[in-house]
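Shown next, in structure tokens, is the structure this report addresses.
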Amino acid sequence: MKIAILPGDGIGPEIIEQAVNVLNALGEKFEMETAVVGGAGYAAHGHPLPDATLKLAQEADAILFGAVGDYQYDALERSLRPEQAILGLRKKLGLFANLRPAILYPELAGASTLKPEVVSGLDILIIRELTGDIYFGQPRGVRTAPDGAFKGEREGFDTMRYAETEIRRIAHVAFQTAQKRDKRLTSVDKANVLETFQFWRDIVTDVHKEYPDVALEHMYVDNAAMQLVRAPKKFDVIVTGNMFGDILSDAAAMLTGSIGMLPSASLDANNKGLYEPSHGSAPDIAGKGIANPLATILSAAMMLRYSLNKAEQADRIETAVKKVLGQGLRTTDIHESGTTKVSTSEMGQAVLKALA
Ligand code: IPM
Ligand code: MG
């Protein structure tokens, strides 16, 4: 089995290094090949998603991705910015289903900004559609307004659109995932205002007929944002579009107090996937050895479970992570008094030890 390793920018390389060490310690025969991506891709080959990197990602059975983005690339034109690498990979590989779990480990209950009783035991899963919506809809751009109250002025515009197939396939993923959990699905939309999301609601309702054992609830996105901080444990699985999912998944991540703990999977129709931590490249702390490698290590576990058919190895990694948390080891982002502050590599080493 071949794994493409794409470290990217900022803290990407240092957290990926720890996850690769963990994969190497499992006693499996993985072929791993590394390639540049994001700002690093631009610096080396003049493009955030160089051809060789895309080719490697296409050939591989799974992709382990660090993070992209750094201040020095902020002034580049949009098509050359680091973010285009991850958007390009999602689109070109057809990775339409993004799974973002938000789990609060009991050891980290104090890390959340919310009251412990609101978040303790939190275990929710956001399923974000990842290749459609206003993120990719055409046309888009800046133009002279052709009509309306500001006709003749310059205006920026994007297009929100969802095809029936796009909604159906993400709805199937969501219902099937809910069947393996608590059988409760909340579909988040803005059907009261947007045509796109009234259509979304109609299609999700139709797909529901095939999954009568799952309880389906529809919720407007503004209410969903409120409920996420009011009573997050009421959710089990949430399914939503690309943009709402981007926003809600950051809010959900912060419920756990530590975005540095959360993995994610982006899957195609055949469970080939790209796995990345939910946090970004954090260029402000890059190279200091203080980044939390656990989200990336847990992403490697998701990769073993969803794309490589190695659920037992995934369990081993997750158990090892719980063990090091139980030992009181914490990187800076999750450090509290009474626990032991460790560096990125010390945390990685501790996970290796816990695996053995
Ligand atoms: C995410 C990120 C990306 C997104 C950016 C980096 C393009 O915020 O994965 O949530 O908006 O999808
Ligand atoms: Mg985001």
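Here are some notes:
- Residue 274 being touching a Ser or Thr at 6+ places or on another chain (Cβ under 7 Å) and under 14 Å from residue 100 (Cβ atoms): yes
- Boolean, residue 35 is within 16 Å of ligand 2 (Cβ to nearest atom), of a type in the set (Gly, Ala, Ser), surrounded by 16 or more Cβ atoms within 10 Å (Cβ to Cβ) and under 22 Å from the mean Cα position of the chain (by Cα): no
- Criterion violated by residue 63 - all others in (1) within 16 Å of ligand 2 (Cβ to nearest atom); (2) farther than 25 Å from residue 255 by Cα; (3) crowded, with 20+ Cβ neighbours inside 10 Å; (4) of a type in the set (Val, Ile, Thr) satisfied: (1)
- Subset of segment 271-295 [away from ligand 2 (no atom under 16 Å from the Cβ) and small (Gly, Ala, Ser)]: 273, 286, 287, 289, 291
- Restricting attention to segment 301-334, the residues being surrounded by fewer than 18 Cβ atoms within 10 Å (Cβ to Cβ) and hydroxyl-bearing (Ser, Thr, Tyr) number 2.
- Scanning segment 88-137 for residues that are basic (Lys, Arg) and outside any strand (DSSP E or B) gives 90, 91, 92, 115.
- Test: residue 142 is in contact with a Phe, Trp or Tyr (Cβ under 9 Å, 6 or more places away or on another chain), of a type outside the set (Ser, Thr, Tyr), assigned to a strand (DSSP E or B) and outside the structural domain of residue 77 (by TED's automatic domain parsing): yes
- Any chance residue 302 is assigned by TED's automatic domain parsing to the domain that holds residue 109, touching a residue at least 60 places away in the same chain (Cβ under 8 Å), over 14 Å from residue 26 (Cα atoms) and within 16 Å of ligand 1 (Cβ to nearest atom): no
- Counted as qualifying within segment 145-257 are the strands (runs of 3 or more DSSP E) with 2 or more residues that are within 16 Å of ligand 1 (Cβ to nearest atom) and either out of contact with any strand residue (DSSP E or B) (no Cβ under 8 Å at 6 or more places or on another chain) or at pLDDT 95 or above (or both), namely 237-240.
- Residues that are within 22 Å of residue 255 (Cβ to Cβ) and in a strand (DSSP E or B) were ranked within segment 273-292; the one that is nearest to ligand 1 (Cβ to nearest atom) is 276.
- Residue within segment 340-355 that is within 16 Å of ligand 2 (Cβ to nearest atom) and either under 30 Å from residue 94 (Cβ atoms) or acidic (Asp, Glu) (or both) present: no
- Candidates 41, 66, 88: the one that is within 16 Å of ligand 1 (Cβ to nearest atom), of a type outside the set (S, T, N, Q) and within 27 Å of residue 188 (Cβ to Cβ) is 88.
- Residues that are more than 17 Å from residue 302 (Cα to Cα), of a type in the set (S, T, N, Q), away from ligand 2 (no atom under 12 Å from the Cβ) and surrounded by fewer than 24 Cβ atoms within 10 Å (Cβ to Cβ), drawn from segment 237-270: 258
- Test: residue in segment 261-268 that is touching a residue at least 12 places away in the same chain (Cβ under 8 Å) and over 23 Å from residue 172 (Cα atoms): yes
- From the options 63, 86, 126, residue that is modelled with pLDDT of 95 or more, β-branched (Val, Ile, Thr), under 15 Å from the mean Cα position of the chain (by Cα) and not assigned by TED's automatic domain parsing to the domain that holds residue 330: 126
- Pair list, Cβ < 7 Å and 6+ apart or interchain, from segment 202-226 residues that are more than 30 Å from residue 118 (Cα to Cα) to residues that are of a type in the set (Val, Ile, Thr): 203/167
The values are calculated or read from the model by the stated rules, or taken from the named source; none is laboratory data. Given the structure is predicted, the values throughout are model-derived calculations rather than measurements. Every residue, glycine as well, gets a Cβ built from its backbone with ideal geometry; the counts of neighbours run over all protein chains shown.
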